[in-house]
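The values are calculated or read from the model by the stated rules, or taken from the named source; none is laboratory data. Owing to the predicted nature of the structure, the values given are computational and were not obtained by experimental measurement. Ideal geometry is used to build each Cβ from the backbone, glycine not excepted, and the neighbour counts take in all protein chains shown.
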Number of protein chains: 2
Amino acid sequence: MGAITVSRALREPGRVSEDLRRQIQVAVDELGYIPDPNARALASARAEVFGVLVPSLTNNVFAEVVRGIYDSLSDSPIRIQMGNTHYSGLEEERLLQLFASQRPAALIVAGIDQTQLSRKLLETAGCPVVQVMETGPDPVDMLVGFSHFDGGRTATEHLIEVGYRRIGFIGARMDPRSQRRLAGYRAAMEAAGLFDPRLITTTPLLSSVTLGRELLRDALAKMPSLDGVFCNNDDIALGVLFECHRAAIAVPKTIGIVGFNDLDMMQAAFPSVTSVRTHRYEIGRRAVAMASAAIAGNRPEQRIVDLGFELMRRESTAR
Amino acid sequence: MGAITVSRALREPGRVSEDLRRQIQVAVDELGYIPDPNARALASARAEVFGVLVPSLTNNVFAEVVRGIYDSLSDSPIRIQMGNTHYSGLEEERLLQLFASQRPAALIVAGIDQTQLSRKLLETAGCPVVQVMETGPDPVDMLVGFSHFDGGRTATEHLIEVGYRRIGFIGARMDPRSQRRLAGYRAAMEAAGLFDPRLITTTPLLSSVTLGRELLRDALAKMPSLDGVFCNNDDIALGVLFECHRAAIAVPKTIGIVGFNDLDMMQAAFPSVTSVRTHRYEIGRRAVAMASAAIAGNRPEQRIVDLGFELMRRESTAR
DNA sequence: CTGCAATATGGTAGCGCTACCATCACTTTT
DNA sequence: AAAAGTGATGGTAGCGCTACCATATTGCAG
């Protein structure tokens, strides 16, 4: 029995007679044979690796996307090569260069705001590319996510609708996605004739609950008449909620709060916090599904998938 | 200039003359040459890969360890092969088998409660092995972590010390580490003559803030005289805090709360929550440092590193 | 100046697979 | 019955690197 036949039996069982295939299976099981992925990658000039690039490993949002990716690939021979860009375009370029040199089977990257070089690297990587977490008109290849602009606008419109007027935006680490949520906020405020730049409080610092508290204090110092806040994410929202408790500001009566992402704790909070639910785990799964389909030769007809979001109305805005 | 010399210049610069080394560097930079890790692994029968096995990717605790590992390796050519065991021993065995077959440069695994097969796989992997997140007398190879038993005991002793008596334990997903914290709780309670099995409320469900709320309700239904809780982790503690708010139970007056891990939000909460701070990021860094040292041939003389923990006393137990 | 080590460089084989093409048995078409 | 498929199997070369050994080149003792 030739080595090549074994190789085939393992990779394309359909092309080997059932008889031989069974013999091979027995031998494989007995020997505990596991093909060497390195040799495989070298010979086929194509590694069974998905490169995954995210800006943060600890941010719950990306952790969920990554979990979706891992879960989707856990039963396949495909390995995952993960990279942490730390929200840096330069770091992204470096990692992309590294990843591309390994001829991955697919690349999954967060966001659509790649640098020119990164974009070129993605275009010439010679494998399916899925950008995730956002939506937009011009993906490198495929795209799964949702509109942060619409999310921000919907959240803000909700606050306006239930009667808040002096609505602030509070955000940390203003990455491109945060900027789009801010733009959505601004669009909603301007449409209602409520916009005032002094309502916006941001910082380039990494987001945290503690920072949410500080930012609310800053926002109130600047604008004591504040009666609502759209928080760039749920960590900030939780910090804002705690600061309200501490300062004895009634929520939702005196100030309304809306978060973003709808982490589990928003529902459990007291008062429970209105938030924009996003489908992060599903984004990870879809990204893998789309990449796998493209590898298998049947590119999804829908290159851009908008998974949307859902406004979860809760006590923090129940005026 | 022979190919082998280039290979050497890149791997062992000391063995190549400075002149040639510089020439090679220029050429490498110009061509953007990146060595193929697959070919390298195949030829040297040893991959520049660290296998990392954790029970969860979204659990903040492991995410921080993983971040420490990534950050430590970001400037090295070493890749990371991550596996998610989903708290399953069987899954761990499967992944370990897979990883070991790839001859990784090192293996980092969470916990010390491997199955017999897993332990054997680790012992015969032929590479440095670092178990993380715990401490214990008998590591496979090296060990970095802290004592969950002591952590649980310290947390409970603190509650006793400040005057709480009917102190409950509330925990979800009772993995071995949680069990040890529970054992520490029990030891402290028994030593003070306060132990009562009805004070313990646990569930095998995955931990969440929402679950923390439910478990406090259960605990109070079972034991209305409860005046303190040691929570298995901070998510649960946050849920307990919110449930107290909702039920208008005064914290720390009526019930004292202690969490575990000291996530950022514990400090920001209102009232701020006492918690056992653990050094997760540092554990990740140390694990890499120890593994790297062992690979380089100078095994750390200290095979077992106890990074300890720190009780952060806050308002939630300030009686 | 010779001999011999020490150091620097290079040649060659082969790591374990798979792409590509060849072969063989068997069936269908003409 | 020959020709031409069709499907299963195998041989061979080579993927890009590094281990191993061979060969310069240099320095220095005798």
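Structure values in brief
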{"read-out": "Wholly within the stretch A:26-102, helices (runs of 4 or more DSSP H) carrying at least 1 residues that are surrounded by fewer than 16 Cβ atoms within 10 Å (Cβ to Cβ), in contact with a Leu (Cβ under 7 Å, 6 or more places away or on another chain) and within 10 Å of another protein chain (Cβ to nearest Cβ)", "value": "A:37-44, A:89-100"}
{"read-out": "Residues being closer than 25 Å to A:LEU307 by Cβ and not in a loop (DSSP other than H, G, I, E, B) - total across the stretch A:103-117", "value": "5"}
{"read-out": "Residues of the stretch A:12-39 satisfying the condition of being among the polar types (S, T, N, Q) and near DNA strand C (Cβ under 8 Å from one of its atoms)", "value": "A:ASN38"}
{"read-out": "Among the residues listed as B:ASP234, B:ASP227, the single one being within 13 Å of chain A (Cβ to nearest Cβ) and of a type in the set (Asp, Glu)", "value": "B:ASP234"}
{"read-out": "B:ILE200, sole failed condition from (1) closer than 26 Å to B:GLY136 by Cα; (2) of a type in the set (Val, Ile, Thr); (3) within 14 Å of chain A (Cβ to nearest Cβ)", "value": "(3)"}
{"read-out": "Residues that are free of Cβ contacts under 8 Å to residues at least 12 places away in the same chain and under 19 Å from B:PHE99 (Cα atoms), drawn from the stretch A:31-47", "value": "A:LEU31, A:GLY32, A:TYR33, A:ILE34, A:ASP36, A:ASN38, A:ALA39, A:ARG40, A:LEU42"}
{"read-out": "Residue count for the stretch A:250-265, restricted to those that are within 14 Å of A:ARG319 (Cβ to Cβ) and either in a loop (DSSP other than H, G, I, E, B) or within 11 Å of chain B (Cβ to nearest Cβ) (or both)", "value": "6"}
{"read-out": "Residues of the stretch A:48-64 satisfying the condition of being within 16 Å of DNA strand C (Cβ to nearest atom) and either closer than 21 Å to B:SER74 by Cα or free of Cβ contacts under 8 Å to residues at least 24 places away in the same chain (or both)", "value": "A:VAL49"}
{"read-out": "Residue in the stretch A:108-128 that is crowded, with 19+ Cβ neighbours inside 10 Å, within 9 Å of another protein chain (Cβ to nearest Cβ) and of a type outside the set (A, V, I, L, M) present", "value": "no"}
{"read-out": "Qualifying residue in the stretch A:38-50 (condition: closer than 30 Å to A:LEU263 by Cβ and more than 9 Å from DNA strand D (Cβ to nearest atom))", "value": "yes"}
{"read-out": "Candidates B:ALA155, B:ALA105 - the one that is in contact (Cβ under 8 Å) with a residue 40 or more places away in the chain and buried (at least 22 other Cβ atoms within 10 Å of the Cβ)", "value": "B:ALA155"}
{"read-out": "Condition met for A:THR210 (under 26 Å from the mean Cα position of the chain (by Cα) and either closer than 27 Å to B:ALA247 by Cα or assigned to a helix (DSSP H, G or I) (or both))", "value": "yes"}
{"read-out": "Where A:ALA289 falls short, out of the listed (1) within 14 Å of chain B (Cβ to nearest Cβ); (2) in contact (Cβ under 8 Å) with a residue 12 or more places away in the chain; (3) more than 20 Å from B:GLY212 (Cβ to Cβ); (4) surrounded by fewer than 20 Cβ atoms within 10 Å (Cβ to Cβ)", "value": "(1)"}
{"read-out": "Among the residues listed as A:LEU73, A:LEU42, the single one being within 12 Å of DNA strand C (Cβ to nearest atom) and on the phi < 0 side of the Ramachandran plot", "value": "A:LEU42"}
{"read-out": "Sole residue being among the β-branched types (Val, Ile, Thr), touching a residue at least 60 places away in the same chain (Cβ under 8 Å) and buried (at least 22 other Cβ atoms within 10 Å of the Cβ), chosen from B:VAL229, B:VAL209", "value": "B:VAL229"}
{"read-out": "Sole exception among (1) away from every other protein chain (no Cβ under 14 Å); (2) in a helix (DSSP H, G or I); (3) in contact with an Asp or Glu (Cβ under 7 Å, 6 or more places away or on another chain) for B:ILE160, by number", "value": "(3)"}
{"read-out": "Qualifying position, being within 21 Å of the chain's Cα centre (by Cα), at pLDDT 95 or above and closer than 25 Å to A:LEU31 by Cβ, among B:SER178, B:SER118", "value": "B:SER118"}
{"read-out": "Search result, residues across the stretch A:8-25 that are more than 10 Å from DNA strand D (Cβ to nearest atom) and surrounded by 13 or more Cβ atoms within 10 Å (Cβ to Cβ)", "value": "A:LEU10, A:ARG11, A:GLN25"}
{"read-out": "In the stretch B:213-227, the residues that are more than 23 Å from B:ILE160 (Cβ to Cβ) and over 28 Å from the mean Cα position of the chain (by Cα)", "value": "B:ARG217, B:ALA221"}
